[in-house]
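Visitor: After the structure tokens below, expect a handful of questions from me.
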């Protein structure tokens, strides 16, 4: 296997409403749409669209929702042999009222079978032999730790939803991929806008390994363990829905790393895939394939160094001119 994802599978229940309800208030929904979701499954689907040899390890219930989730992953090219049905627990669900016009939403997640994923479930060849093992925090932390320990290849962790990370887990993570808000929480920093240079300094307080910070419309920040931080802006696209863009990024990053791609190039690929994923509705409505990513790469802006790790410039220096220079490993 090239990429194995250990994580959550949810069925998203999207409810269209004229406005979001207040506390204790009832509003009438306009329609319900069932869609596949869960951070783990979304990342696996994104990786499956981009390459072969993607496997998912997780748990679903013994219910109709489970069949829908497994079918959606299989259609994306993901091996679901290690997704176990769990009698007595429902498939995880996320109920999401979405407000017309603004697109604002509320999300209530019921983990269901995701909470039953055990450390022994990850003691499988798909984890041991994968070139990249991709993890998130929507399943029990003990299972995430067991998967990181069992992995024979590169370990990539999305620390979402954010929680304190044990030192032993961080020591086994090769690439940590928080978004800006998760980085601030993990670093114990106050909420607020930060420059890329400031974010790079915070990232280096978390781990001596590589950190990649996703920044939404600003792209992503690569903070390697052996070179200057680089900001990779995204290509220009007409965004329709940003739901799941972070998961598309992680799936694409894992696929690129599994192929032996250098980190800066892998981040560029992931930024491109994430941007393209926003051009359709829902978390998986516009997941690109490899041809689409390759076609969009010529429009990708060059990277911008944001600190002076190797050049002697003061930390936080942000030059005016971009560069395409790649990091030495």
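Visitor: Tell me, how many Å apart are the Cα centres for the stretch 69-86 and for the stretch 189-243?
Guide: After rounding, the separation between the Cα centres reads 31 Å.
Visitor: Can you give me the orientation-averaged projected area of the convex hull built on the Cα atoms of the stretch 175-329, in nm²?
Guide: Values: hull surface 35.4 nm².
That works out to 8.9 nm², a quarter of the Cα hull's surface.
Visitor: Same structure again: When the convex hull of the Cα atoms of the stretch 72-190 is projected onto a plane and the area is averaged over all directions, what value comes out in nm²?
Guide: Numbers: hull surface 38.4 nm².
Orientation-averaged projected area of the Cα hull: 9.6 nm².
Visitor: Once you keep just the Cα pairs under 8 angstrom separated by 6 or more residues, what percentage relative contact order results for the chain?
Guide: After rounding, I find 15 percent.
Visitor: Does anyone have the angle between helix 39-50 and the longest principal axis of the chain? Alpha-carbon axes, 0 to 90°, nearest 10?
Guide: Helix 39-50 and the main axis of the chain meet at about 70 degrees.
Visitor: Let me ask another. Ratio to report: Rg/Rh of the stretch 1-108, with Cα atoms as the point set and Rh obtained by the Kirkwood method; give two decimals. Could the numbers behind the result be given before it?
Guide: Values: Rg = 15.7 Å, Rh = 14.8 Å.
With Rh from the inverse mean 1/r over Cα pairs, Rg/Rh is 1.06.
Visitor: Sticking with this structure for a sec: Report the semi-axes of the equivalent ellipsoid for the chain in whole Å, largest first, where each axis is √(5λ) for an eigenvalue λ of the Cα gyration tensor.
Guide: Details: eigenvalues 188, 111, 74 Å².
Here the semi-axes work out to 31, 24, 19 Å.
Visitor: Further question on the same structure: Relative contact order, percent, of the stretch 175-329 when contacts are C-alpha pairs under 8 Å separated by at least 6 residues? Please list the in-between numbers first.
Guide: On the way: 290 pairs, mean separation 35.3, N = 155.
Computed value for the stretch 175-329: 23 percent relative contact order.
Visitor: Still on this structure, please answer the following. If you fit an axis through the alpha-carbon atoms of helix 196-206 and take the longest principal axis of the Cα set of the chain, what angle between them do you get, 0 to 90°, nearest 10?
Guide: The answer is roughly 70 degrees.
Visitor: Compute a Gaussian network model of the chain, connecting alpha carbons closer than 10 Å, and tell me which residue from 27, 237, 139 fluctuates the most.
Guide: In this elastic network of the chain, the residue with the biggest mean-square fluctuation among 27, 237, 139 is 27.
Visitor: Separate question: Nearest 10 degrees, 0 to 90: what angle lies between the long axis of helix 64-75 and the longest principal axis of the chain (Cα atoms)?
Guide: With both axes taken from Cα atoms, the answer is about 40 degrees.
Visitor: Which residue, 291, 151, 266, tops the fluctuation ranking in a GNM of the chain built on C-alpha contacts under 10 Å?
Guide: 291
Every number here is computed from the coordinates shown, using simple stated rules; none is lab data. If you're wondering where the values come from, they're calculated on a predicted model, not measured in any experiment.
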